[in-house]
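A.B. asks: Attaching a single structure in structure tokens format; questions to follow.
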Amino acid sequence: MSSYQETFIENLKFYRNQKNISQAKLAEMCECATPTIGCIESARQFPSFELLFKIADALTINPADLFLRNASQSKLETREYLKQSLHKEIDKLIDSDFPV
């Protein structure tokens with residue numbers, strides 16, 4: 001399996017899990033058989049272009065996102081950065097509005 005296929009599979013699983021969508025639900029949304037998604041995620045099958053676009057639509061992402069290296073890691077890092085920034089802003093508001 002090529003590194004591109006590994007990246008695709010990793011990203012597909014990441015986005016599907018991030019949106020809390022089961023393989024069966026994704027298959028239903030893409031109008032394909034449930035085992036098809038399992039075969040794709042286990043590298044036994046690669047989706048057609050049509051199915052690839054259906055998967056991206058179902059996950060509400062750009063099809064290219066499925067091929068970006070470290071997309072899942074970038075998303076997690078961005079989420080963590082935003083969470084930390086939000087906590088800092090909340091702390092500033094609490095400190096300024098409610099002095100101890």
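A.B. asks: Return yes or no: is Thr7 of a type in the set (Ser, Thr, Tyr) and either open to solvent by less than 40 Å² (accessible area, probe 1.4 Å) or touching a strand residue (DSSP E or B) at 6+ places or on another chain (Cβ under 8 Å) (or both)?
C.D. replies: Numbers: of a type in the set (Ser, Thr, Tyr): yes; either open to solvent by less than 40 Å² (accessible area, probe 1.4 Å) or touching a strand residue (DSSP E or B) at 6+ places or on another chain (Cβ under 8 Å) (or both): yes.
Criteria met by Thr7.
A.B. asks: Working only within segment 10-45, note down all residues that are under 17 Å from Asp65 (Cα atoms) and either open to solvent by 50 Å² or more (accessible area, probe 1.4 Å) or out of contact with any Leu (no Cβ under 8 Å at 6 or more places or on another chain) (or both).
C.D. replies: Selection gives Glu10, Lys13, Phe14, Asn17, Gln18, Lys19.
A.B. asks: Looking only at segment 60-71, decide whether some residue is at pLDDT 70 or above, assigned to a helix (DSSP H, G or I) and either open to solvent by 40 Å² or more (accessible area, probe 1.4 Å) or in contact with a Pro (Cβ under 9 Å, 6 or more places away or on another chain) (or both).
C.D. replies: Looking through segment 60-71, at least one residue is at pLDDT 70 or above, assigned to a helix (DSSP H, G or I) and either open to solvent by 40 Å² or more (accessible area, probe 1.4 Å) or in contact with a Pro (Cβ under 9 Å, 6 or more places away or on another chain) (or both).
A.B. asks: Any residue in segment 58-70 that is within 15 Å of Phe46 (Cα to Cα) sitting within a Cβ distance under 9 Å of a residue that is part of a loop (DSSP other than H, G, I, E, B)? List the pairs, counting only those 6 or more apart or interchain.
C.D. replies: Qualifying pairs under 9 Å: Leu66/Leu59.
The values are calculated or read from the model by the stated rules, or taken from the named source; none is laboratory data. Remember, it's a predicted structure, so these values are computed and weren't measured experimentally. FYI the Cβ positions are ideal-geometry reconstructions off the backbone, even for glycines, and counts take in every protein chain you see. Side chains are part of the model used for accessible areas, which takes the heavy atoms of the whole protein and leaves out ligands, DNA and RNA. Shrake-Rupley method; radii C 1.70, N 1.55, O 1.52, S 1.80 Å.
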